[in-house]
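Just below is one structure, and these are the notes that go with it.
The values are calculated or read from the model by the stated rules, or taken from the named source; none is laboratory data. A quick note: this is a predicted structure, and the numbers were derived from the prediction, not measured. Positions of Cβ are generated from backbone atoms using ideal geometry, with glycine treated the same way; all protein chains shown enter the neighbour counts.
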Ligand code: NAD
């Protein structure tokens, strides 16, 4: 990615291609949003369209002093935001929600430009992202405390929920809109103020959300978007004593690093990290339905999804038929630019992701996997990778062991369900697992036996505002969405009224 040091703003306009797709070009912001103002950092970073590597715009990079100023602004705003009535915070959130849905098409186009996903996926993400704002606007009104039967004579024991304080929200590039709203909505509803650090590959979605937050009238300093180097911004946020909560979505490697940094100030941390999802077809499942579901669970967002089916286990007697059905379904997927309505897979995020995908396939083939379909040369551009089906993958292969984050599907046969559950669990990850079948005893065996935060039976739809989203083991800490989402941004305060 190029770094532009120039300060001449005329050069920092969005590209013609970006201007051509947007109805409201004011949603494309190059500056950071701090304390209700759009501010310029020391330099600008070019953002590229993964579909063709064209620069689509530039985004400012804040320095250490500016990040610290943003933290102070969020702390000042917290003092009044926390004292608003829950209803008032809900009203702000609902106005933000409505403006997001009004700008749905532009927000979706922005995501296709900076992330590469298809326009249909991008529209779905805007709706999904907005749904958290509406949900938490309501949940914030029901953030109840309790009275506790007292063990102290004549005393009343109570709990209150109080906001943690300033919250740092660090988000990845694969869902540039919804990862921001899923965190910010919960934090704001709980009464926290937020410092959002979007991924450098996809900053425009977060900045557009800030523009809409400003239009919704959310007070200055309550929502801040600080763009800059991931390492620098995160370090300043983690070291700050003022920042009380850290909510991170990204790789397990960076998550562990941030947990170590945040330990110095004992922040309340929630982590949504990587996954290595098993997809288990049971013996009584219809083969073509299972293959269709597995294709859907594998190739969303071109496989760059923490929920993507990474290891597909198929009963041996159905194995050959399943591979055939999966390959047939997969061949129907069209790869190309996300704006083309016939396309179901966009590009990968960058060349490094494509190189990693090649390395995974080569490693698997060298260790005995069979290439069943795909791995075609596409001639679409350097970031495109054809959906690929590998059979006979084994735990010795990187494609099985690692979160592969690309459109490469690895399938293997099995004879014994208990052994599949054991193999599924033999990973440091524990985010999501899929099970397809009908026998209730076997489904129950999977539901209880799989060591994952989320197990979905006969449904690929794993997420949504009412669902407690999150992992166990090294896939993370805490839950987003659902009624538990507020917990990450609130503290339970105990109060005792002794004999009065
Ligand atoms: P990443 O860890 O490279 O970056 C995530 C964020 O951390 C970015 O904003 C980045 O700028 C920032 N960052 C902070 N400190 C950094 C440092 N020292 N070095 C580099 N970046 C730093 O993750 P990514 O590549 O943006 O996203 C992909 C990962 O996110 C995958 O592992 C995926 O599974 C995970 N993810 C998890 C969920 C979930 O809910 N569990 C959802 C989406 C993505």
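Could you identify the single residue in 70, 65 that is more than 27 Å from residue 141 (Cα to Cα) and surrounded by fewer than 15 Cβ atoms within 10 Å (Cβ to Cβ)?
Details: 70 fails: surrounded by fewer than 15 Cβ atoms within 10 Å (Cβ to Cβ).
Answer to the check: 65.
Taken over region 14-46, the criterion of being in a helix (DSSP H, G or I) and within 19 Å of residue 338 (Cα to Cα) is satisfied by 16, 17, 18, 19, 20, 21. The single residue among 213, 208 that is more than 10 Å from the ligand (Cβ to nearest atom), modelled with pLDDT of 95 or more, buried (at least 24 other Cβ atoms within 10 Å of the Cβ) and under 30 Å from residue 493 (Cβ atoms) turns out to be 213. Pairing each residue of region 246-267 that is more than 19 Å from residue 479 (Cα to Cα) with any residue that is within 11 Å of the ligand (Cβ to nearest atom) and assigned to a helix (DSSP H, G or I), provided the two are 6+ apart or on different chains, yields C-beta distances under 8 Å for 261/234; 261/235; 261/238; 264/238; 265/238. Residues of region 90-115 that are free of Cβ contacts under 8 Å to residues at least 60 places away in the same chain and either within 30 Å of residue 45 (Cα to Cα) or not in a helix (DSSP H, G or I) (or both): 97, 101, 102, 104, 108. Residues in region 239-271 that are touching a helix residue (DSSP H, G or I) at 6+ places or on another chain (Cβ under 8 Å) and more than 23 Å from residue 64 (Cα to Cα): 252, 270, 271.
In region 116-128, the residue that is nearest to the chain's Cα centre (by Cα) out of those that are in a helix (DSSP H, G or I) and farther than 11 Å from residue 176 by Cβ is 128. The number of residues in region 216-229 being within 13 Å of the ligand (Cβ to nearest atom), surrounded by 23 or more Cβ atoms within 10 Å (Cβ to Cβ) and in a loop (DSSP other than H, G, I, E, B) comes to 3. Of all the listed residues (492, 443, 467), the sole one being closer than 19 Å to residue 190 by Cα, outside any strand (DSSP E or B) and touching a strand residue (DSSP E or B) at 6+ places or on another chain (Cβ under 9 Å) is 467. The set of residues from region 460-478 being out of contact with any helix residue (DSSP H, G or I) (no Cβ under 6 Å at 6 or more places or on another chain) and touching a residue at least 24 places away in the same chain (Cβ under 8 Å) comprises 462, 463, 464, 466, 469, 470, 471, 472, 473, 475, 476, 477.
I need the strands (runs of 3 or more DSSP E) fully contained in region 131-177, keeping only those with at least 3 residues that are within 16 Å of the ligand (Cβ to nearest atom).
On the way: elements: 146-148, 156-163, 166-170.
Strands (runs of 3 or more DSSP E) meeting the threshold: 166-170.
The residues listed here are 232, 246, 307, 258; of these, the one that is within 15 Å of the ligand (Cβ to nearest atom), within 24 Å of the chain's Cα centre (by Cα) and part of a loop (DSSP other than H, G, I, E, B) is 307. If you go through region 451-464 and keep only what is outside any loop (DSSP other than H, G, I, E, B) and more than 14 Å from the ligand (Cβ to nearest atom), you end up with 455, 456, 457. Report whether or not residue 428 is more than 26 Å from residue 319 (Cα to Cα), modelled with pLDDT of 95 or more and in a strand (DSSP E or B). No: the conditions fail for residue 428.
Which one is farthest from the ligand (Cβ to nearest atom), of the residues in region 179-205 that are under 21 Å from residue 123 (Cα atoms) and surrounded by fewer than 24 Cβ atoms within 10 Å (Cβ to Cβ)? Show your work before the answer.
First pass over region 179-205, keeping only residues under 21 Å from residue 123 (Cα atoms): 179-185, 198-199, 201-205.
From the residues that got through so far, the ones that are surrounded by fewer than 24 Cβ atoms within 10 Å (Cβ to Cβ) too are 199, 201.
Working: 199: 4, 201: 7 Å.
The selected residue is 201.
The set of residues in region 47-89 that are part of a helix (DSSP H, G or I) and more than 18 Å from residue 166 (Cα to Cα) comprises 87, 88.
A single member of 199, 206, 184 is within 21 Å of residue 48 (Cβ to Cβ), in a helix (DSSP H, G or I) and without any contact (Cβ under 8 Å) to a residue 60 or more places away in the chain, and it is 206.
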